[in-house]
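S.K.: The structure's right below; bear with me while I get my questions together.
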Amino acid sequence: MPINQPSNQIKLTNVSLVRLKKAKKRFEIACYKNKVLEWRSGIETDLDNVLQINSVFLNVSKGQTAPSADLAKAFGAKTPVNDIILEILNKGELQVGEKERHAQLERVHNEVVGIVAAKLVDPKTKRVYTTGMIEKALEMLSSQGSQAQVEKSASGTGIPATGEEGEAKPKGRDHVWTGVVATKSAKSQALEAMKALIASQPIPVARARMRLRITCPTSILKQAAKSAGPKDASAEDGEDKTKGTVKDRILSYIEQVETQDVLGSEWEVVGFVEPGAFKGLGDFIGGETKGQGRVEVLDMAVIHED
């Protein structure tokens, strides 16, 4: 004897759910996997490629569609179903399955390791590390970071961490790495990973230098600099950082000069700069030359390859 399936039940499999709670009811829509994020980022613009079915559910896994009365109460009696679906799609919470969550985390992890491996070098040889070595270094930091958090939670004393000789470490300066998460962008996590690796040095690392071309009118070069140059940790307290000409200040940002020459009425220098000094250099040239000087990036990360 055939079993009659309720008319408001639709069976769907292999779906990503987007869920929105409104008017004390939980509404769901069934989407194709990976398409929700593409829709929200603007990559996918065709709604038919996102939705498995153009319906609103109370429970997708049970195939239970939402009654019209519930939709009217939550979204308004005159709101079209398509507008309701768009609201759920844009504002709802994406439900991710365990396998999909693991795959997404692995993708972000690989992307983070790839970014870090491309931007950090051995400070002596200026050569990049393999992704495997970067991965192992991050695993070491992750283990240390997790252990530190456990110890901090267990003690609950708020006593600052101490160094090898018992000296208290300054608050807020430590960059703790506890691993990749799927809820943050790979770029932002890669930046945090680089800061942690540089601070802790599980392997010798430094940011790969940028190669820049800087041009400035010769008429400005000998003028006295009005703003300060880069901070010098070796400089004594109270030393006047604004002394020197515009040319002196520009050269103080450059770690290694490759070439410098005068071409007509313009002075040009090509050299290597630490990434952290790039913004300061650009601001200095923009302010001192009033737009007449230029900074051109020739290479974002200079490395030596075998």
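S.K.: How far apart, in nm, are the 7 Å Cα→Cβ label points at R127 and K290?
M.R.: 5.1
S.K.: Now, a different point. Would you check segment 47-137 for Lys pairs whose C-alpha atoms are within less than 24 Å, ignoring same-chain pairs closer than 8 in sequence, and give me the count?
M.R.: 9
S.K.: Keeping every protein chain present and rolling a 1.4 Å probe, give me the accessible area per residue for segment 243-306 in Å².
M.R.: For segment 243-306, the solvent-accessible area averages 58 Å² per residue.
S.K.: Another question, then. When you take every Cα atom in segment 16-134, what is the radius of gyration, and what is Dmax, the widest Cα pair distance, in Å?
M.R.: 20.5, 71
S.K.: Applying 1/(1 + (r/R0)^6) with R0 = 22 Å to the Cβ-Cβ distance of K187 and D46, what FRET efficiency is obtained, to the nearest 0.05?
M.R.: 0.20
S.K.: If you add up the charges near M194, with Lys and Arg at +1 and Asp and Glu at -1, over every other residue whose beta carbon is less than 10 angstrom from its beta carbon, what do you get?
M.R.: +2
S.K.: List, largest first, the extents of the alpha carbons of segment 73-125 along their principal axes, each in whole Å.
M.R.: Per principal axis, max minus min of the Cα coordinates gives 70, 22, 14 Å.
S.K.: Can you list residues from other chains, or at least 5 along the same chain, whose modelled amide H is less than 5 Å from the amide H of E258?
M.R.: Amide H neighbours of E258: V270, G271, F272.
S.K.: Residues with amide H under 5 Å of A225's amide H, sequence separation 5 or more or different chain, H placed in the peptide plane at 1.01 Å from N; which?
M.R.: G244, T245, V246
S.K.: Please work out the Cα center distance from segment 245-263 to segment 49-106, rounded to the nearest Å.
M.R.: Centre-to-centre distance over Cα atoms comes out at 59 Å.
S.K.: Can you tally the net charge around N49? Count Lys and Arg as +1, Asp and Glu as -1, for every other residue whose Cβ sits under 13 Å from the Cβ of N49.
M.R.: -2
The values are calculated or read from the model by the stated rules, or taken from the named source; none is laboratory data. What you see is a predicted model; the values in this text were computed from it and never measured. Glycine gets a Cβ as well: all are built from the backbone with ideal geometry, and neighbour counts include every protein chain shown. Areas reflect the complete protein model, heavy atoms only, side chains present, ligands, DNA and RNA absent. Shrake-Rupley method; radii C 1.70, N 1.55, O 1.52, S 1.80 Å.
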